[in-house]
1. Starting from segment 14-37, keep only residues that are in contact (Cβ under 8 Å) with a residue 60 or more places away in the chain and on the phi > 0 side of the Ramachandran plot, then list their pairs with residues that are surrounded by fewer than 19 Cβ atoms within 10 Å (Cβ to Cβ) and not in a helix (DSSP H, G or I) whose Cβ atoms are within a distance under 8 Å, requiring at least 6 positions of separation or different chains.
2. Is there any pair with a first residue in segment 152-164 that is on the phi < 0 side of the Ramachandran plot and a second that is assigned to a loop (DSSP other than H, G, I, E, B) and surrounded by 20 or more Cβ atoms within 10 Å (Cβ to Cβ) whose Cβ atoms are under 6 Å apart and which are 6 or more apart or on different chains, and what are they?
3. Please work out which one of (1) assigned to a loop (DSSP other than H, G, I, E, B); (2) farther than 30 Å from residue 150 by Cα is the condition residue 75 fails and give its number.
4. With the requirement that a residue be within 10 Å of the chain's Cα centre (by Cα) and either at pLDDT below 95 or not in a loop (DSSP other than H, G, I, E, B) (or both), what does segment 39-50 give you?
5. Quick one: which of 85, 110, 118 is within 16 Å of residue 11 (Cα to Cα), touching a helix residue (DSSP H, G or I) at 6+ places or on another chain (Cβ under 6 Å) and buried (at least 19 other Cβ atoms within 10 Å of the Cβ)?
6. Quick check on residue 105: is it in contact (Cβ under 8 Å) with a residue 40 or more places away in the chain and under 23 Å from residue 19 (Cβ atoms)?
7. Given (1) modelled with pLDDT of 95 or more; (2) closer than 24 Å to residue 164 by Cβ; (3) within 18 Å of the chain's Cα centre (by Cα), where does residue 78 come up short, assuming only one miss?
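The values are calculated or read from the model by the stated rules, or taken from the named source; none is laboratory data. These numbers come from a predicted model, not from an experiment. Don't worry about glycine lacking a Cβ; one is built from the backbone with ideal geometry, like all the others, and counts go over all protein chains shown.
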């Protein structure tokens, strides 16, 4: 895969109410754990699903091909619920994330359905990588231990194709795919 600054992937985006709930959960631990980082803007909160690739230039033809593949995904709307908050031991600084228990089963199922559709278009490897559905709230050096929280939940009715330009802070939704059901 070409390493570049144009990154394309499928993701879930929380609706405004759920994004506000996620930010509220972050604020609830901010003072207690002396967090200093700015939170991820609510408009950029997302749950990453299937990567498409990294490119040196905007990959406009790839957008079309990925969205054509995604149109074949058969999945019904489902509820996602994140009931844990804490620091994950990766990155510098490490991410502070929401993740869930059985409330993320639907996310895993959607990931697999998208992966199959991408594979049929030769856009994904045969071997499916296991994912841990999560939503990054901030990056901070202060460590927040795993904490069970009141769930941040919403009904997923669509997934999106995102084009992020690393280093420029750009993050654009280039397509939306409704769940059929």
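1. 34/142
2. Once the first residue is on the phi < 0 side of the Ramachandran plot and sits in segment 152-164, its partners that are assigned to a loop (DSSP other than H, G, I, E, B) and surrounded by 20 or more Cβ atoms within 10 Å (Cβ to Cβ) give 154/14; 160/13.
3. With respect to (1) assigned to a loop (DSSP other than H, G, I, E, B); (2) farther than 30 Å from residue 150 by Cα, residue 75 is out only on (2).
4. Applying the first criterion (within 10 Å of the chain's Cα centre (by Cα)) to segment 39-50 yields 44-50.
Scanning segment 39-50 gives 44, 47, 48, 49, 50.
5. Values: 85 fails: within 16 Å of residue 11 (Cα to Cα); 110 fails: touching a helix residue (DSSP H, G or I) at 6+ places or on another chain (Cβ under 6 Å).
Answer to the selection: 118.
6. Working: in contact (Cβ under 8 Å) with a residue 40 or more places away in the chain: no; under 23 Å from residue 19 (Cβ atoms): yes.
No; evaluated as a whole, the condition is false for this residue.
7. (2)
A quick yes/no check of all residues on (1) touching a strand residue (DSSP E or B) at 6+ places or on another chain (Cβ under 9 Å); (2) more than 20 Å from residue 19 (Cβ to Cβ); (3) touching a residue at least 12 places away in the same chain (Cβ under 8 Å):
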{"residue": "111", "(1), (2), (3)": "yes, yes, yes"}
{"residue": "122", "(1), (2), (3)": "no, yes, no"}
{"residue": "127", "(1), (2), (3)": "no, yes, no"}
{"residue": "135", "(1), (2), (3)": "yes, no, yes"}
{"residue": "139", "(1), (2), (3)": "yes, no, yes"}
{"residue": "167", "(1), (2), (3)": "no, yes, yes"}
